[in-house]
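Here is the structure we will look at.
The values are calculated or read from the model by the stated rules, or taken from the named source; none is laboratory data. This one's a predicted model, so the numbers in the text were calculated from it and none came from an experiment. Please note: Cβ atoms are built from the backbone with ideal geometry, for glycine as well, and neighbour counts cover all protein chains shown.
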Amino acid sequence: TRGGIEFAVADLDAAEFGRKEIRLAEHEMPGLMALRREYAEVYPLRGARISGSLHMTVQTAVLIETLVALGAEVRWASCNIFSTQDHAAAAVVIGPHGSAEEPKGVPVFAWKGESLEEYWWCTERMLTWDGEGPTASDGRTLQAGPNMILDDGGDATMLVHKGAEYEKAGVVPAAGADDADEWKVFLELLRASVVADGSKWTTIGAGVRGVTEETTTGVLRLYQLAAAGELLFPAINVNDAVTKSKFDNRYGIRHSLVDGINRGTDVLIGGKVAVVCGYGDVGKGAAESLRGQGARVIVTEIDPICALQAAMDGYQVKRLENALPEADLVITTTGNKDVVMVEHMAKMKHQAILGNIGHFDNELDMAGLARYPGIRRVTIKPQVDEWVFPNGNTIIVLSEGRLLNLGNATGHPSFVMSNSFSNQVIAQIELFTKQAEYDKEVYRLPKKLDEKVARIHLDALGGELTKLTKEQAEYIDVDVEGPFKSEHYRY
Ligand code: NAI
């Protein structure tokens, strides 16, 4: 704690560099800056206490400071152990008007290269607010928490839900021998907090007005909770705003996938054979990214529609085992688990590169790789490991199987994140100010707001939008001012 602000970042001295990059990013994030102007005197988030779990990058810094400009109090952690940009984290703690001696920014708990224990500690600190919480019926002062959550991948939401569930049951289950390390560490953290205070997570869950979720994987978890009737508060699915998933997931990946491969390995991509597992929004961006560098791209898919799209786009569609003998690079983008197993890895070409860009590392069988008889790990540099099989064949694994665009590079660039984060801010305002209008379900933002976000970014690029005449609008049955498409339109 310094200047009254609690934080855990790598190096406060990096803040000046962070501030300079934030300043450059602001110009590239016209959507967020337009929202700051639009709400300059309104402060729609006054009274909001937002706990955020999202990659602590320069772009996220602009998001955080936009939430603060709109009146919110904010606490932040990263949603991945490798994705924090330490200079951005430091700058956010110090804030635009603070100093190293007297930080005036936001409590941030994030650094690049956290252990799993540290990761969950940071998430817990980010959800635990100072000061007094509500008073219980028996007069006890309860834990202060957020009244809004901003999540990416659903870990913060899961911590609150699992914590409340285990408090109700009065016990935290024991981890199974086959459970992933991540889950074991998670249960350990909960065991401590659930035992210390039998009501911490229940109270926090009851105080949250809503969560806004950034990504495909987190949204899947929310729909599962809602279907089971277990969602503790309303949720907005930000991912499926068109100006999010059809832009960030695709054009963001098109930029940041090759960025990660280049910074990690600097191997020439042109002329190589690259396998992309999954041809959803992220897979489409990944394939385009690799083809743009001159790679011959092969796609694997389970869904015939996406597989046919890949074929129509000029990619070969194959099963992984049939593509492996010629693959120089294998990239997973499925949001699914067990996509590349250790048996596959053992069949890869010498020094082939393996990476994942989906949300969790379980797309790759990292546990199986570590257990492979006679395997040896040679760390080339942070987030780049060579795994040596007993026959001398090696593969290069990026970011230990975690999303490589954020682990090996700096994630998506500002302009595309401005689209995603404008939707985040709008969704936060929506749930915070209109809580009574939402049930404990998962909602999407209205198309009109999606079009507003697109319009701001099109303007910034100097695009000229054609205007409908009244007659034309009537002919295609839309309003002159939009929305221009029906809900079932797919873009
Ligand atoms: P999506 O649902 O549009 O695409 C996933 C595709 O993978 C689907 O077409 C599905 O049919 C396919 N698939 C599923 N299992 C498969 C298997 N075993 N083999 C081959 N294909 C399989 O999802 P989206 O939006 O493309 O997201 C994918 C993942 O990327 C999610 O985990 C998401 O959270 C994450 N993401 C990561 C970002 C980053 O910056 N690294 C940015 C945005 C999303």
Exercise for the section: State the number of residues belonging to the stretch 222-234 that are within 18 Å of residue 427 (Cα to Cα) and either of a type in the set (S, T, N, Q) or within 15 Å of the ligand (Cβ to nearest atom) (or both). Expected result: 2
Exercise for the section: Would you check if residue 144 is at pLDDT below 95 and loosely packed, with under 13 Cβ neighbours inside 10 Å? Expected result: no
Problem - Hey, residue 222 in a helix (DSSP H, G or I) and under 23 Å from residue 383 (Cα atoms) or not - result: no
Fill in the blank from the handout: Picked from the stretch 69-83 (must be of a type in the set (A, V, I, L, M) and buried (at least 24 other Cβ atoms within 10 Å of the Cβ)), the residue farthest from residue 12 (Cα to Cα) is 72
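The rows are residues; the columns are (1) within 23 Å of the chain's Cα centre (by Cα); (2) closer than 30 Å to residue 197 by Cβ; (3) crowded, with 24+ Cβ neighbours inside 10 Å.
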{"position": "67", "(1), (2), (3)": "yes, yes, yes"}
{"position": "85", "(1), (2), (3)": "yes, no, yes"}
{"position": "102", "(1), (2), (3)": "no, no, no"}
{"position": "114", "(1), (2), (3)": "yes, yes, no"}
{"position": "131", "(1), (2), (3)": "no, yes, no"}
{"position": "135", "(1), (2), (3)": "no, yes, no"}
Problem - Selection status of residue 34, surrounded by fewer than 24 Cβ atoms within 10 Å (Cβ to Cβ) and either at pLDDT below 95 or part of a helix (DSSP H, G or I) (or both) - result: yes
Problem - Verdict on residue 250 being touching a residue at least 24 places away in the same chain (Cβ under 8 Å) and near the ligand (Cβ under 9 Å from one of its atoms) - result: yes
Exercise for the section: Hey, can you tell me all the residues within the stretch 427-442 that are surrounded by 23 or more Cβ atoms within 10 Å (Cβ to Cβ) and within 10 Å of residue 236 (Cα to Cα)? Expected result: 427, 428, 431
Fill in the blank from the handout: The number of residues in the stretch 118-173 that are farther than 20 Å from residue 80 by Cβ and among the charged types (D, E, K, R) is 7
Exercise for the section: Kindly check whether there is at least one residue in the stretch 288-297 that is within 26 Å of residue 367 (Cβ to Cβ), small (Gly, Ala, Ser), modelled with pLDDT of 95 or more and within 14 Å of the ligand (Cβ to nearest atom). Expected result: no
Problem - Residue among 160, 219, 208 that alone is among the aliphatic types (A, V, I, L, M), within 16 Å of the ligand (Cβ to nearest atom) and at pLDDT 95 or above - result: 219
Problem - Scan of the stretch 1-49 for residues that are farther than 15 Å from residue 93 by Cα and aliphatic (A, V, I, L, M), ordered by number - result: 24, 25, 29, 32, 33, 34, 35, 40, 42, 45, 48
Completion exercise
Checked 266, 281 against criteria (of a type in the set (D, E, K, R) and within 11 Å of the ligand (Cβ to nearest atom)); the one match is 281
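Can you go through 182, 188 and tell me which one is within 26 Å of residue 216 (Cα to Cα) and at pLDDT below 95? Reasoning before the result, please.
Numbers: 188 fails: within 26 Å of residue 216 (Cα to Cα).
Going through 182, 188 in turn, just one is within 26 Å of residue 216 (Cα to Cα) and at pLDDT below 95: 182.
Take the residues in the stretch 328-347 that are more than 13 Å from the ligand (Cβ to nearest atom) and surrounded by fewer than 24 Cβ atoms within 10 Å (Cβ to Cβ); name whichever of them is nearest to residue 267 (Cα to Cα).
So, considering only residues that are more than 13 Å from the ligand (Cβ to nearest atom) and surrounded by fewer than 24 Cβ atoms within 10 Å (Cβ to Cβ), the one nearest to residue 267 (Cα to Cα) is 328.
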Handout entry: Top-ranked residue of the stretch 368-410 - restricted to ones that are of a type in the set (A, V, I, L, M, F, W, C) and within 23 Å of the chain's Cα centre (by Cα), ranked as surrounded by the most Cβ atoms within 10 Å (Cβ to Cβ)
Key = 403
Problem - Selection within the stretch 165-214 - within 26 Å of the chain's Cα centre (by Cα), crowded, with 21+ Cβ neighbours inside 10 Å and part of a loop (DSSP other than H, G, I, E, B) - result: 208, 214
Exercise for the section: Identify, from the list 393, 362, the residue that is under 23 Å from residue 282 (Cβ atoms) and at pLDDT 95 or above. Expected result: 362
